[in-house]
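**Student:** Below you will find the structure I want to go over with you.
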Amino acid sequence: MSASLTIAWRELRSYATSPFAYVVAALYLAISGIFFVNDLSGLLQARLDGWMRDAATLTLFIAPLLSMRTIAEERRSGGLEVLLSAPVTDLAVVVGKYLGLLGFYTLLLVATLAYPFLLARWADPALGPLLSGYLGLELLGAASLGLGLLSSALGRQQLVAAVLALVSLLVFWQLDALAGLFGGEQRVLTYLATSVHIEPFLGGVIRPQDVVFYASVAVVAQFAAARVLASRRWL
Amino acid sequence: MRAARRLAGFSNTAAAIVVVVALAGGANVLAYRAGSSAIDLTEGNRLTLTSETRRVLGTVRHRLEIDAFLGAGTSGERDARALLGRFADANRRIHADVIDPDAEPGKARRLGITNYGTAVLRYQGRRVDIAAVSEIEVASAVLRLVRGRTPVACFVTGHGEAAIGEEGPSGLSRLAALATRNGFAPKPVSLAGGAVDPSCGVVVVAGPRVPFPDGERDAVIRYLKADGKVLLLVDGLTTTDVNPFTKPWGVDFLGGVVVDAGSNLNNDATTPIIGDFPTANQVVDGVPSLLVPAAAGLRVATPDPRPGLFVNTLARTSAHSLLSVDPEAADQSGSLPGPIVVAAGADFSGVRGSPPVIHRTRLLVVAGVGLAHNAFIDNLGNATFLANGLSWLAQDELLLTIGSRPPGSRPLTVSTTRRNQAVAVTVVGMPGALLAAALAVFLLRRRR
């Protein structure tokens, strides 16, 4: 675990010295801010669930951008081989990179706390739905970054990894819409849709199945990414 | 050799991933089954189904389908989806779907749906349509479907009783709505024909002011003897003698006005807050307290006057109360000391006839009609008490009182100044600062 934390810290520090990370963060906050201002214009009540719904959709696009470099770029530059030659397991490397990504995403979410603070200056928003909404966004981000990391492990190039991540995230997001096409399996497909699990959080409800769903997507994706890295030994 | 190594590697990887996916799937199944243990952070736990709704949903023994017809992407659609999801979580026999009538016009036409917002519930070949998808509406519809019948709650008219169509503070429109929500069909009835309408499942006599003509009085007495179910709400201001209705069942109406110095509303001793329910009767289940303005008094026969008749004190005032003939008088020496009984229930059952049939009369007497008036019915536990009372009279094992829990209002005014502030901070300031940081980092790296 300490190896993973060391790698995660190294990842976070690399973001701090990367202009690309700042540009991605600026892009995220600019789009997020536009959503907030647009949503604000139609608001009569102090609530942020509308903005959070937009932010959830934005996560589908930001996650591939953040994760595409993690493994694909390191593999291209040869950094990955150096890392894997160190006395750490593949899983520790993947978990470390994942925690670094998640840390960066969390910082982005923390920056958006400016929105509820602004709202609180002007009105009295309910705290409960804000807390559950942010928890939902964090968990959605965790699952999305997991899939992004897996795509980065599968893709040889950053662009391929990003496209793979985007497609898989969009498919998971829209699974409930696709559910109608599959008679008996509707419930399973609907359950697998990432969009379905965010709604209760935005409404102020934290359900065990939603927390476990996002967590299990993140865990399975990391495990699969570690196995993909391990495949270099037998491929 | 290389191919064999690849095959082994691939097999191991596939097997390991399958195991992890299976474990994750198992965790999800367990979490899904624990869906009811959600944490609700909304104000007043607005998004959690009430215990009463859960109790009703627990009685659904067969497949129940709920189809709500709402426009796609609307907030109503999202709310309905979340609400119906909670119903489905509470009982796996409930299958709920939200349908866009524009996207699936065939289904809407097949079910005869012409309005957005309508929901159709189907159970065991029965169907109930509701015009709004709220917890109250859906739970009430489920109750009606499961019960399979809609008892008629007949509100007696013609003696100065408040009307169920009257919306004013002294009207009973909210009591009628409460009855509807709880699966009854309220309707006004006249006793002028000398008999109680045979379609009545429950008869409500709410606040008569003048004496019943002999024929009408006898009609109520006969109805009660013939397995009748009566809710009698009467206060001390009436000139109606209700004892012919109540005495045979072990309850005396004493009249007067309760003066309760110990527990009242805003220091008005004649508006007692009643919190003493010395009974396990289901009528007071979930009732925290009652607000009964201008309550009168009752006396309950003890021991039970005859075999098969059980009389219960349901609610009584505090020990600091008294029953006064004239609350304005300085001398209250003739008053009856508290606690004063203000609600009582009588339940008489016996087996008669050949073949033997169980007969049952139920009478619920409340010495105060004010608690049922529009002005007070939503105070404290009044609505719960009345809904429980109707269900008890109708011999329903189910008890349902679902209050509406609108979200607390948190108004926000977005002026141009505030909007500009938001733009400055969120769209320009924060991203701009990050872009400046990106430039600084870029220049620093180049310099190195």
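The values are calculated or read from the model by the stated rules, or taken from the named source; none is laboratory data. If you're wondering where the values come from, they're calculated on a predicted model, not measured in any experiment. Glycine gets a Cβ as well: all are built from the backbone with ideal geometry, and neighbour counts include every protein chain shown. Please note that ligands, DNA and RNA were not included when accessible areas were found on the heavy atoms of the full protein model with its side chains. Shrake-Rupley method; radii C 1.70, N 1.55, O 1.52, S 1.80 Å.
**Student:** Only one of A:Gly103, A:Gly78 is surrounded by fewer than 19 Cβ atoms within 10 Å (Cβ to Cβ) and closer than 27 Å to A:Ser32 by Cα. Can you tell me which?
**Tutor:** Residue meeting the stated conditions: A:Gly103.
**Student:** Select, from B:Glu77, B:Glu52, B:Glu65, the only residue that is more than 10 Å from chain A (Cβ to nearest Cβ) and part of a strand (DSSP E or B).
**Tutor:** B:Glu65
**Student:** Scan the stretch A:211-234 for residues that are charged (D, E, K, R) and surrounded by fewer than 20 Cβ atoms within 10 Å (Cβ to Cβ) and jot them down.
**Tutor:** Across the stretch A:211-234, the qualifying residues are A:Arg232, A:Arg233.
**Student:** Step by step: first the residues of the stretch B:1-49, then only those that are over 22 Å from the mean Cα position of the chain (by Cα), more than 7 Å from chain A (Cβ to nearest Cβ) and under 30 Å from A:Gly203 (Cβ atoms), then the one that is most open to solvent (accessible area, probe 1.4 Å). Which residue is that?
**Tutor:** Within the stretch B:1-49, the match that is most open to solvent (accessible area, probe 1.4 Å) is B:Arg33.
**Student:** With the requirement that a residue be of a type in the set (Ser, Thr, Tyr) and more than 29 Å from A:Ala26 (Cα to Cα), what does the stretch A:59-92 give you?
**Tutor:** Result: A:Ser85, A:Thr89.
**Student:** Now, a different point. Filtering the stretch B:400-423 down to residues that are modelled with pLDDT under 70 and open to solvent by less than 10 Å² (accessible area, probe 1.4 Å), which residue is farthest from the other protein chains (Cβ to nearest Cβ)?
**Tutor:** B:Leu400
**Student:** Take the conditions touching a helix residue (DSSP H, G or I) at 6+ places or on another chain (Cβ under 7 Å) and either more than 25 Å from A:Asp49 (Cβ to Cβ) or of a type outside the set (D, E, K, R) (or both) and apply them to B:Gly76. Does it pass?
**Tutor:** no
**Student:** Here's another thing I want to ask about it. Please enumerate the residues belonging to the stretch A:7-36 that are open to solvent by less than 10 Å² (accessible area, probe 1.4 Å) and within 7 Å of chain B (Cβ to nearest Cβ).
**Tutor:** A:Ala25, A:Ala26, A:Leu29, A:Gly33, A:Phe36, listed by residue number.
**Student:** Turning to a different aspect of this structure: Go through the stretch A:97-176 and tell me which helices (runs of 4 or more DSSP H), entirely inside it, have 1 or more residues that are within 11 Å of chain B (Cβ to nearest Cβ) and in contact with a Lys or Arg (Cβ under 8 Å, 6 or more places away or on another chain).
**Tutor:** A:114-122, A:127-154
**Student:** Still on this structure: On the given criteria, is A:Pro208 at the interface with chain B (Cβ under 8 Å from one of its Cβ atoms) and surrounded by fewer than 20 Cβ atoms within 10 Å (Cβ to Cβ)?
**Tutor:** When the stated conditions are applied, A:Pro208 passes them.
**Student:** Now a separate question. Out of the stretch A:40-57, which residues are under 15 Å from A:Leu202 (Cα atoms) and either part of a helix (DSSP H, G or I) or open to solvent by less than 20 Å² (accessible area, probe 1.4 Å) (or both)?
**Tutor:** If the condition is that a residue be under 15 Å from A:Leu202 (Cα atoms) and either part of a helix (DSSP H, G or I) or open to solvent by less than 20 Å² (accessible area, probe 1.4 Å) (or both), then A:Ala46, A:Leu48, A:Asp49, A:Gly50, A:Trp51, A:Met52, A:Arg53, A:Asp54, A:Ala55, A:Ala56, A:Thr57 are the ones that fit.
**Student:** Somewhere in the stretch B:89-97, is a residue closer than 18 Å to A:Val196 by Cα, part of a helix (DSSP H, G or I), within 12 Å of chain A (Cβ to nearest Cβ) and open to solvent by 50 Å² or more (accessible area, probe 1.4 Å)?
**Tutor:** no
**Student:** Here's another thing I want to ask about it. Could you list, ordered by first residue, the pairs with Cβ atoms under 6 Å in which the first is in the stretch A:147-167 and among the small types (Gly, Ala, Ser) and the second is assigned to a helix (DSSP H, G or I) and open to solvent by 30 Å² or more (accessible area, probe 1.4 Å), at least 6 apart or interchain?
**Tutor:** Going by the 6 Å Cβ cut-off, the qualifying pairs are A:Ser151/A:Leu164; A:Ala153/A:Val228; A:Gly155/A:Leu164.
**Student:** Of the residues B:Glu77, B:Glu43, which single one is touching a Leu at 6+ places or on another chain (Cβ under 9 Å) and not hydrophobic (A, V, I, L, M, F, W, C)? Full working, then the answer.
**Tutor:** Working: B:Glu43 fails: touching a Leu at 6+ places or on another chain (Cβ under 9 Å).
After applying the criteria, what remains is B:Glu77.
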